[in-house]
1. Enter the Cα centre distance for the pair the range 93-119 and the range 157-211, rounded to the nearest angstrom.
2. Assign one of three labels to the range 164-304, namely rounded, prolate or oblate, based on the Cα gyration tensor with a ≥ b ≥ c the square roots of its eigenvalues; rounded applies when a/c is under 1.5, prolate when it is not and a/b is larger than b/c, and oblate otherwise.
3. Just going by the charge dipole of the chain, with Lys and Arg at +1 and Asp and Glu at -1 on Cβ, which of Tyr144, Leu259, Asn297 is farthest out on the positive end?
4. Say the dipole of the chain comes from +1 at the beta carbon of Lys and Arg and -1 at that of Asp and Glu; which of Ile72, Pro50, Ile160 then lies farthest toward its positive end?
5. Highest mean first, how do 136-144, 213-221, 179-187, 289-297 rank when packing is the count of other Cβ atoms within 10 Å averaged over residues?
6. Is the shape of the range 223-299 rounded, prolate or oblate, going by the alpha carbon gyration tensor and its root eigenvalues a ≥ b ≥ c, with a/c under 1.5 for rounded and a/b larger than b/c for prolate?
7. Sorting check: for 74-82, 271-279, which peptide has the highest mean count of neighbouring beta carbons within 10 Å, and how do the rest follow?
8. Stretch Lys199-Asn95 to full length: gain in nm at 0.36 nm per residue minus the Cα-Cα span?
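Derivation of every value follows stated rules applied to the coordinates shown; laboratory data play no part. The shown structure was predicted, so the numbers you read here are calculated from the model rather than taken from an experiment. Cβ: placed from backbone, ideal geometry, glycine included. Neighbour counts: every protein chain shown.
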Amino acid sequence: MKRRQFLLRSLSATASMAFSPFIFSSCRPSLHGKKLTILHTNDMHSYIEPFEEGRYQGLGGMAARASIVNKIRFQEANVMLLDSGDVFQGTPYFNLFGGELELKLMSEMGYDATTVGNHEFDNGIGGLEHAMQFANFPHLIANYDFSRNTLSGKVKPFKIFERGEIKIGVFGLGIELEGLVNSRMYDGTLYIDPIATAKEMVQELQKQGCDLIVCLSHLGYDYGDSRKPSDLILAKEVSEIDVILGGHTHTFMEEPLLLTNSEGFTTTINQVGWAGINLGRIDVMFTEKGKKVVAFNPMPLLNKV
C-alpha cells in the first residue's frame with residue numbers, strides 16, 4: 001500500500017468549536033495573559049487511514065490529524081499534543097509493523113507524550129520495548145513498576161514540559177493488567193494503586209513548581225457503581241489535577257466534563273472515542289482571577305478527497 005502517497009494527500013478537517021469557560025484555581029501573576037492549548041487523542045488502535053465504509057466512513061486518519069494539528073500550531077503560540085494509550089492493535093498495520101509505523105508517524109506529528117495502554121503489551125514487553133525506539137517522545141506511567149523486566153528505567157512516571165513561561169507537569173496512569181492481559185505479556189510488571197500514586201504525583205509536580213498538572217489516564221471514564229478506579233473517581237478523590245485526558249473505555253464525550261470534588265477543586269476530564277476519529281482540544285488561559293479552561297467539543301477528522 002502506498003502509505004507515503006496517502007499521508008501526503010491534501011486532507012481537510014472540520015471542527016465543532018462550541019465551548020464553556022470556568023475559573024478553577026489561582027496562577028502565578030507572571031502568567032497573566034498566557035494561554036496553553038492542549039490537543040489530545042486516545043485509543044487510536046493502529047488506525048493509520050480513515051474509515052472507508054460503515055458508520056465512521058470518511059472519518060479519522062493520521063494525515064487528517066496532522067493537518068489540523070499543524071493548523072492549530074500556526075494559530076496558537078503554546079501547543080501540546082498528548083495521547084492516553086492503546087496506540088497499538090486494531091488494523092493490519094500493527095500485525096505487519098508491530099507498532100513501529102504508529103510511533104514513527106506520531107513522532108513526525110510532534111506528539112509530546114503518551115501513556116501505556118493495555119494493548120501496548122499485545123506483543124509482550126519485548127515488542128513494546130522494540131517499538132518504543134521509534135518514538136521521539138516519552139511513554140509516561142507512574143503506577144506500573146517495570147523493575148522486574150527490561151523496561152526498567154525506560155519508562156518514566158512523569159515529565160515536566162515548558163511552553164513559554166508555562167510549566168506543565170504530565171504523568172500517566174494505567175489500568176490493572178491482571179485478568180485483562182496475559183501475564184506472560186507484561187512479564188512481572190507490578191500494578192500500583194492509581195489513586196495513591198496520583199496523590200504522590202501531584203505533590204511531586206507541585207514541589208517542582210508546575211503551573212498545570214495533566215494526567216494521561218488509561219483507567220477508563222466510569223464504571224457506574226463499581227469502585228474500580230476510573231477518571232471520575234480519580235477527579236473526586238485527588239485534588240490539584242487540572243486536566244485528566246482519558247482512554248480505555250472508548251468514550252465519545254460530547255464535551256469535556258468539569259468536575260468539582262468535595263474539596264472544591266475542579267478538574268477537566270475529556271476522552272474522544274477511539275480510532276483517531278476525533279481530536280480533543282482544551283485551552284487553558286491564565287488570568288488575574290486564575291486559570292480558566294475553555295472546553296471545546298471534539299473535533300471530528302473528516303477527510304475530503
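1. After rounding, the separation between the Cα centres reads 19 Å.
2. Details: a/c = 1.69, a/b = 1.17, b/c = 1.44.
Here the range 164-304 falls in the oblate category.
3. Among Tyr144, Leu259, Asn297, the one farthest towards the positive end of the dipole of the chain is Asn297.
4. Checked the options; the winner is Ile72.
5. Values: 136-144: 21.9, 213-221: 27.1, 179-187: 14.3, 289-297: 18.8.
Highest mean packing first, the order is 213-221, 136-144, 289-297, 179-187.
6. Working: a/c = 2.73, a/b = 1.10, b/c = 2.48.
Judged from the Cα gyration tensor, the range 223-299 comes out oblate (a/c at least 1.5, b/c at or above a/b).
7. Numbers: 74-82: 16.7, 271-279: 25.1.
Top to bottom by mean Cβ count within 10 Å: 271-279, 74-82.
8. Values: separation 104, 0.36 × 104 = 37.44 nm, distance 3.76 nm.
Gain on extension, Lys199 to Asn95, equals 33.7 nm.
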